[in-house]
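Report on the following structure.
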Amino acid sequence: MLEWRRRREPSLPMLALSPLIAIALTMALGMIVFTAMGYDGFHAVGSIFLTPFLEPQRWADIGVKAAPLVMIALGLAIGFRANVWNIGAEGQYVMGAIAGTGVALLTYQMTGWWILPAMVLAGILGGMAWAAIPAFLRVRLQVSEILTSLMLTYVAVQFLYFLVRGPWKDPDGFNFPQTRMFTADQTLPTVLEGTLVHLGIPAALLLALVAWLLMEKTTAGYAVKVVGLAPAAARHGGFSAERTTWATMLLSGGLAGLAGLFEAAGPFGQLTPQFPIGYGFTAIIVAFLGRLHPLGIVFGGIVLAATYVGGEIAQSTVRLPQAATGMFQALLLFMLLATDVLVRWRISWKRRAA
Amino acid sequence: MTSAILVSILMTLVAASTPILLAALGELVAEKAGVLNLGVEGMMLCGAVAGFAVAFSSGSTTLGLFAALLAGVATAMVFAVLALSLNANQVATGLALTIFGIGASSLIGAGFVGRTIPRLGPIFPAALSEHPWLRVVFGHDILVYLSLALVIGIGFFLRRTRPGLILRAVGENDASAHAIGYPVIAIRYAAVAFGGALAGLGGAYFSLALTPMWADRLTAGRGWIALALVVFSAWRPGRLLVGAYLFGAVATLELQAKAAGVSFLAPEVLAMAPYLATIAVLTMMSLGRRTGRLDAPACLGKPFSAV
Amino acid sequence: MNQPREQIVPSRLALAHISKSFPGVKANEDISLSIAPGEIHALLGENGAGKSTLVKIIYGVQQADEGTISWNGEPVAIPSPKAARKLGIGMVFQHFSLFDAMTVIENIALGLDEAVDREELKARVAAILESYSLPLDPDREVHTLSVGERQRIEIVRCLLQKPKLLIMDEPTSVLTPQEVERLFSTLRQIAAEGCSILYISHKLSEIRALCDSATILRAGRVVATCDPKVETTKRMAELMIGAELRKIEHSKTAGAGAVRLSVTGLSLPGEPPFGTDLEAVSFVARAGEILGIAGVAGNGQAELLTALSGERLAPGPATIQLDGKAIGQEGAGARRALGLACVPEERNGHAAVPDFSLADNGLLTARHRVPLAPHGWISRGSVKRFADSVIKLFDVRTTGYGALARSLSGGNLQKFIMGREIGQQPAVLVVSQPTWGVDAGAAAAIRQELVDLAAKGSAVVVISQDLDELLELADRLSVINEGRLSAPRPVASLGIDEIGLMMGGVHGAEAAAHA
């Protein structure tokens, strides 16, 4: 029989290995599930998990998709560490884009280097403002941020619909529900000539590094961890749970807003009803795949970005519906949560004693 | 206003309230046992798609309901294995379940988009509901009556029966319940399964009764609202009924306003109403409660391990 | 050899050669004992001597690796607590298995193995309460009850099953002396009716007063079986501890020095949901003295500690003064920087973070007085060195500063925590339950550290439920009862029954009189 023993200390090798085991299990399970559903399971999994990495022309695409995922996940992970469950990053992402777009529409006829930074600032503030609502409700009124942040996502998406169908509709857009295209001064510059690789990618990497320093080297990061692990000990040590909740909510909201602005001013170049594609939710999986560690999140972001790219490939190679990507991502999260048990427990095979 | 319009509004209200009431009742039982399953939305979607698929291929809405129930239980078991047996974080596992439900329902439902099936009909003979006012009493489908019976049944079970007492004890203090010798994990499995079954039925209400047509993400966040209602109810089935019907009223108002073409409010603003109302209700609950979290089961969301 | 004696009436319970090991520990080794019907049998031993393991084996919570259990002369297996109850074994745990938000009667119903009609159960409970004259209201919610009343719920639970053997695990550790007296008369009555009692304790005076025979455990083995009414207390203590008792060395600076901490009229609402309000608490602690605060658990000790530590702020700045400086509105960090250190009762999750290394736990409270994180940047080297110095100076048994707090034994973690605070040379140290759940050796070391700290001119405030500890350590003693603190009195002038009455609130009016 299997024998379970709680480890005295978490296993460090397993901490690093379990995400890889989870990916392997997801691939195996995905093969079985898709084969059972009548698709070519073997090639489906290959297309989703391997092709994007094997074909260099896809790398830029992976980077473009990984950047917002990493940015959002960095903020979420810091919050999760403090037991602050902001699951409405999608809404903050949308509000960031809306705020930035607002600046873009105001500066439509202007030129200048300052326009893009102003949009970035507005994006961050927009995300923060949206996250400030659940933060306030939790700190002052003990309302669960889980429910409120999620509800606000639906509100933000409806608000976006309202804007692009109404007041912000492009007057020269043949009545399509979308805003004007951004001007050159309002668009994120590309870093590598001739590719899609925009400023957001180095920005995401830099932010990961900053987040790592913050969490490992400063008392602020220490406070986040204590508040999450042992709230009473945090109070005893002179750390304020309220301040930590505020800080982590605003940080995750700001990063989500920044990601939204980068997405709007980068790949999209305008706002459309198709803008919210679920990065805010996928980033939750990225955060867990990265074990809530800033550098792990870079890895997690690349893997999840690859499943998006691979999902598109699989649509053409094995006619897998687009929805399969979402299910794959969810399976991955299940497997991550399941393999986490290996970190805390030692499982070995033992013959049952007589 | 003629009585016919009023009756039709009341019928809409009941129909809008029922799926949330079902899902919230299931979650209430799970939470009373100390388990916070945030995957209600995912379980509802799985129930919705399973119910639709089976009803579509078999032609029987009854079989569809059973399939929905089973799908709800099955997804709830995934949650239970992760959160109860493997001690994974309940919040994260519930989120995973919702993401999974969205993906799975959309994948399975891809082939059904736009297809229709016969709607789940009233259970009483049509003769009983010829008069418009009698319709309000006798004109509903089985799930409406089931949900109302469950309000009473669950209330009685929790307050008055020994298994209900034990279930509450497990949610109140898992360590003590274990020390006395109750199988904490097994009881929580059962409660989560029950929650899954009702969430599955609640989801099926969308695809079999409300809009007997498949559309992606047709539950539109109602699972989350069900979770909020459990908080609003202070874990009491009677107040859950009130909450669900209040919410149904807001949703009905939204529909009526849309139908009447209320022009001063954009349809998007109306669509925000249920979510804003939920936040408002949660906020008012907190304002009215000065003493901390006395109402919530003390072990809600905390992992338990007997080893 | 320790064979069960042959008797005309077979023993109610006989254990023969019971052994049980856990990874790395032999908890029980070759333990034999027997209990006659109606006998009150003491199981005596220090923390960690193997008492709880043995009791868990008897009650079916754990299974022995070796050895046999006989019940009324017949060999039996006890695979589960349910099986134990079926045999007629009842147990009152040290930590009660109660449900705070439920009523007494619901709690009792939950403790029964079969469903009983509510009205019938009420009648049966009423009968038991009457025949043992136990005051208890069946419809009250448990969180409104005193510890003694809670214990009665457990006893009633057991008595409803008409037990033949009642196991009491450290039943008096949280009771006032008066409550202890009442408990003893109940237990004597139960035994007189033919029920055997296995009484687990390390309090020798109680065992002498109550028990017919005693089995003494040390390090998992039986070291002696004796009649506690004949054996001397000193001899039993030596058998139990296995060494000469170490005396605390006081270097009294009689007539204490300047006031270092003064608290004036501190009132604070209790922490929800079940806290106790502090009502106009006033006291001073002087340089060089140890002030003891006695009291039964749940009378405001936790609130007092968090109010002093700065985890909760006082209503006005001048309510709490440290060396003459008003600090009532300062937070925990600022107070510690000024020299007020506190150690709460709960080690895991309050005084320390179980999932952090010792190094990181050092940073938790020492960063205000030791330069471990200048300008918010953590200096890993300093953090490690600080933890290392605490480990060395206070003899913490661990693998090093990298060890997780949760991997340490209770005593060692407590030594680390005490060392972390004392190592900062605080002006005032407030400590709650300094030796709770700590083995005798570590407890003696910790008490010595407290005495030494006071001798260096700090003021020490010890909040404890352990009267023996307070009488040994403190120069002056106050009692906290229902959030009110009595005026401190020199320990030398107090009798133990006097303190007991103050703790139980019998002389509530007197206890409320302030300095």
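The values are calculated or read from the model by the stated rules, or taken from the named source; none is laboratory data. Here the structure is a predicted model, which is why all the values come from computation and not from measurement. Positions of Cβ are generated from backbone atoms using ideal geometry, with glycine treated the same way; all protein chains shown enter the neighbour counts.
Some observations on this one:
- Of everything listed in (1) farther than 12 Å from B:ILE99 by Cβ; (2) facing another protein chain (nearest Cβ under 9 Å); (3) among the hydroxyl-bearing types (Ser, Thr, Tyr), the single unmet condition for A:SER316 is (2).
- Close pairs from the range C:336-349: first more than 15 Å from C:ILE422 (Cβ to Cβ), partner among the aromatic types (Phe, Trp, Tyr), Cβ under 8 Å, at least 6 apart: C:GLU345/C:TRP436
- Qualifying residues in the range B:209-251 (those that are surrounded by 19 or more Cβ atoms within 10 Å (Cβ to Cβ), among the aromatic types (Phe, Trp, Tyr) and in a helix (DSSP H, G or I)) - the one farthest from the other protein chains (Cβ to nearest Cβ): B:PHE247
- Residue in the range A:336-343 that is assigned to a helix (DSSP H, G or I), under 24 Å from A:TRP85 (Cβ atoms), in contact with a strand residue (DSSP E or B) (Cβ under 9 Å, 6 or more places away or on another chain) and aliphatic (A, V, I, L, M) present: yes
- Of all residues in the range B:84-96, those satisfying the criterion of being on the phi < 0 side of the Ramachandran plot and either within 8 Å of chain A (Cβ to nearest Cβ) or modelled with pLDDT under 90 (or both) are B:LEU86, B:ALA88, B:ASN89, B:VAL91, B:ALA92, B:THR93, B:LEU95, B:ALA96.
- Residue under evaluation C:VAL263, criteria (1) modelled with pLDDT of 85 or more; (2) in contact with a helix residue (DSSP H, G or I) (Cβ under 8 Å, 6 or more places away or on another chain); (3) not assigned by TED's automatic domain parsing to the domain that holds C:LEU485, criterion not met: (3)
- Verdict on B:GLY94 being touching a helix residue (DSSP H, G or I) at 6+ places or on another chain (Cβ under 8 Å), within 21 Å of A:ILE146 (Cα to Cα) and crowded, with 24+ Cβ neighbours inside 10 Å: yes
- Among the residues of this structure, C:LEU340 counts as one that is at pLDDT 95 or above and buried (at least 18 other Cβ atoms within 10 Å of the Cβ).
- Tally, over the range B:56-82, of residues that are within 14 Å of chain A (Cβ to nearest Cβ), farther than 16 Å from B:GLU41 by Cβ and crowded, with 24+ Cβ neighbours inside 10 Å: 2
- Single residue of the range A:226-249 satisfying the filter (touching a residue at least 12 places away in the same chain (Cβ under 8 Å) and buried (at least 22 other Cβ atoms within 10 Å of the Cβ)) that is farthest from A:ALA82 (Cα to Cα): A:PHE239
Condition check ((1) within 12 Å of chain B (Cβ to nearest Cβ); (2) farther than 29 Å from A:ALA36 by Cα) across all residues:
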{"position": "A:ALA287", "(1), (2)": "yes, yes"}
{"position": "A:LEU304", "(1), (2)": "yes, no"}
{"position": "A:GLU312", "(1), (2)": "no, no"}
{"position": "A:TRP345", "(1), (2)": "yes, yes"}
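- Filtered residues of the range C:361-389 (kept if of a type in the set (D, E, K, R), outside any loop (DSSP other than H, G, I, E, B) and more than 10 Å from chain A (Cβ to nearest Cβ)): C:LYS384, C:ARG385, C:ASP388
- Residue list for the range C:74-126, filter: at pLDDT 90 or above and among the β-branched types (Val, Ile, Thr): C:VAL76, C:ILE78, C:ILE89, C:THR103, C:VAL104, C:ILE105, C:ILE108, C:VAL125
- Residue in the range C:347-360 that is nearest to the other protein chains (Cβ to nearest Cβ), counting only those that are over 15 Å from A:VAL227 (Cβ atoms) and outside any strand (DSSP E or B): C:ALA351
- Selected residue [in contact (Cβ under 8 Å) with a residue 40 or more places away in the chain, crowded, with 24+ Cβ neighbours inside 10 Å and farther than 27 Å from A:LEU209 by Cβ] from A:LEU105, A:LEU152: A:LEU152
- Checklist (1) part of a helix (DSSP H, G or I); (2) away from chain C (no Cβ under 14 Å); (3) under 20 Å from the mean Cα position of the chain (by Cα) applied to A:ALA247, failing item: (2)
- Scope the range C:178-214; condition among the hydroxyl-bearing types (Ser, Thr, Tyr) and in contact with a strand residue (DSSP E or B) (Cβ under 8 Å, 6 or more places away or on another chain); matching residues: C:SER196, C:TYR199, C:SER201, C:SER213
- Flag if C:LYS86 is more than 14 Å from chain B (Cβ to nearest Cβ) and not polar (S, T, N, Q): no
- Test: residue in the range B:220-238 that is in contact with a Phe, Trp or Tyr (Cβ under 8 Å, 6 or more places away or on another chain), more than 27 Å from B:ALA266 (Cβ to Cβ) and either modelled with pLDDT under 95 or not aliphatic (A, V, I, L, M) (or both): no
- The number of residues in the range B:27-63 being without any contact (Cβ under 8 Å) to a residue 12 or more places away in the chain and assigned to a helix (DSSP H, G or I) comes to 4.
Yes or no, residue by residue, for (1) within 14 Å of chain B (Cβ to nearest Cβ); (2) within 26 Å of the chain's Cα centre (by Cα):
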{"site": "A:ARG140", "(1), (2)": "yes, no"}
{"site": "A:SER149", "(1), (2)": "yes, yes"}
{"site": "A:VAL164", "(1), (2)": "yes, yes"}
{"site": "A:PRO167", "(1), (2)": "yes, no"}
{"site": "A:ARG180", "(1), (2)": "no, no"}
{"site": "A:GLU193", "(1), (2)": "no, no"}
{"site": "A:LEU196", "(1), (2)": "no, yes"}
{"site": "A:ALA220", "(1), (2)": "no, yes"}
{"site": "A:ALA223", "(1), (2)": "no, yes"}
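- Elements of the type strands (runs of 3 or more DSSP E) sitting completely within the range C:63-112 and holding at least 3 residues that are in contact with a Leu (Cβ under 9 Å, 6 or more places away or on another chain): these cover C:66-71, C:89-92.
- Close pairs from the range B:133-144: first assigned to a helix (DSSP H, G or I), partner surrounded by 22 or more Cβ atoms within 10 Å (Cβ to Cβ) and among the hydroxyl-bearing types (Ser, Thr, Tyr), Cβ under 6 Å, at least 6 apart: B:LEU143/B:THR18; B:LEU143/B:TYR205; B:VAL144/B:THR18
- Evaluating A:THR111 against the criteria (1) at pLDDT below 95; (2) β-branched (Val, Ile, Thr); (3) over 26 Å from A:LEU188 (Cα atoms) leaves one unmet condition, (3).
Residue-by-condition table, conditions (1) at pLDDT 90 or above; (2) in a helix (DSSP H, G or I); (3) crowded, with 22+ Cβ neighbours inside 10 Å; (4) out of contact with any His (no Cβ under 9 Å at 6 or more places or on another chain):
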{"site": "C:GLU181", "(1), (2), (3), (4)": "no, yes, no, yes"}
{"site": "C:PHE184", "(1), (2), (3), (4)": "yes, yes, no, yes"}
{"site": "C:ALA191", "(1), (2), (3), (4)": "yes, yes, no, yes"}
{"site": "C:ILE197", "(1), (2), (3), (4)": "yes, no, yes, no"}
{"site": "C:GLU206", "(1), (2), (3), (4)": "no, yes, no, yes"}
{"site": "C:ILE216", "(1), (2), (3), (4)": "yes, no, yes, yes"}
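- Residues (assigned to a helix (DSSP H, G or I) and among the polar types (S, T, N, Q)) located in the range A:75-123: A:GLN92, A:THR101
- Within the option set A:LEU116, A:LEU160, being in contact (Cβ under 8 Å) with a residue 60 or more places away in the chain and within 14 Å of chain B (Cβ to nearest Cβ) holds for one residue only, A:LEU160.
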